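Worksheet for the structure shown next.
A short reminder: the numbers here are calculations on the coordinates, not readings from a lab. Since we're looking at a predicted model, the values are computed, not measured. Note that we place each Cβ from the backbone using ideal geometry, even for glycine, and neighbour counts take in every protein chain shown.
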Ligand SMILES: Cc1cc2nc3c(=O)[nH]c(=O)nc-3n(C[C@H](O)[C@H](O)[C@H](O)COP(=O)(O)O)c2cc1C
């Protein structure tokens, strides 16, 4: 396995960090790797917010209800951003130019939002892999999608800037060498050939058997559920935080459009 594939193979989410801060050179390397990610129309429809103010870190740990965030030595929030281009269009007379050409001047819509979210996530994953290659662990925090109004206010986000993901970084507190990579669904359920194939009812048991055969630690039973699908529904899907995330993202969409 070449060194790039080894980094990808051995990476896992790290949530407990050595408090030692990242060096400026390490931060620069991580950010540079993010910038080198592919980007739609080469427009970089994202921004990256470095959060190093401890009061803000504490606040985000609360809004995302995950205390480890406050203790992470380095935090980056990846933002879908069409504001920069809208501002540049307005400052550069694009609206007037469009009227002269008799074409409508339009504001960003769902397509631009999807591309901006894609750009932000592609850049984030480059940052994760670059950090990993430096021995710096990381963890995504999807809960940054919750509490949009609070995040908008505490980070001064304008209309066309939305939080997409948060990444925590830091050197792992304990040696990571013995850790087994976390399990994944068997490839047959993920990779389709030419046509999408829906999962059939009689494939579900095998899918979970193959999954749990890889690990006994993931998706441990915490409820009286009869099977892993029921457990997943109760523990991961039908939760208070997902209700809040859906509310918050609906607000983001209303604001954007
Ligand atoms: C979009 C996204 C959101 C995530 N949100 C969280 C989160 O809020 N909190 C957390 O501890 N881990 C979060 N994770 C990390 C996943 O739990 C983790 O990637 C998954 O369990 C697989 O483990 P691994 O990264 O060690 O392979 C998130 C990962 C992704 C890609």
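Before moving on, here are some points about what is shown:
- Take every pair of alpha-carbon atoms less than 8 Å apart whose residues are at least six positions apart; their mean separation over the length of the chain yields a relative contact order of 26 percent.
- Between residue 54 and residue 196, the simple spin-label model (points 7 angstrom out along Cα→Cβ) gives 4.8 nm.
- When the square roots of the Cα gyration tensor eigenvalues are ordered a ≥ b ≥ c, the ratio a/c for region 91-144 is 1.5 or more and a/b exceeds b/c, which makes its shape prolate.
- Put simply, the C-alpha atoms of region 131-257 give a gyration tensor, and the ellipsoid matching it has half-axes of 31, 23, 17 Å, longest first.
- For the chain, the longest principal axis of the alpha carbon atoms and the long axis of helix 204-214 meet at an angle near 80°.
- Prolate/oblate/rounded call for region 1-58, Cα gyration tensor, a/c under 1.5 rounded: oblate
- Burial ordering of 199, 69, fewest other beta-carbon atoms within 10 Å first: 199, 69
- Tilt relative to the chain, helix 240-256 - C-alpha long axis, 0 to 90 degrees, to 10: 20
- Rounded if a/c under 1.5, otherwise prolate or oblate - region 103-199, Cα gyration tensor axes: oblate
- Paramagnetic label reach from residue 35 (point 7 Å along Cα→Cβ; backbone nitrogen cut-off under 16 Å): within region 82-126, residues 123-124, 126.
- Cα-based Kirkwood hydrodynamic radius, the chain, one decimal, Å: 20.8
- Dimensionless Rg ratio for region 1-116, taking C-alpha atoms and the 2.2 N^0.38 Å reference: 1.45
- Rounded FRET efficiency, nearest 0.05, which uses the C-beta distance separating residue 88 from residue 10 and R0 of 30 Å: 0.15
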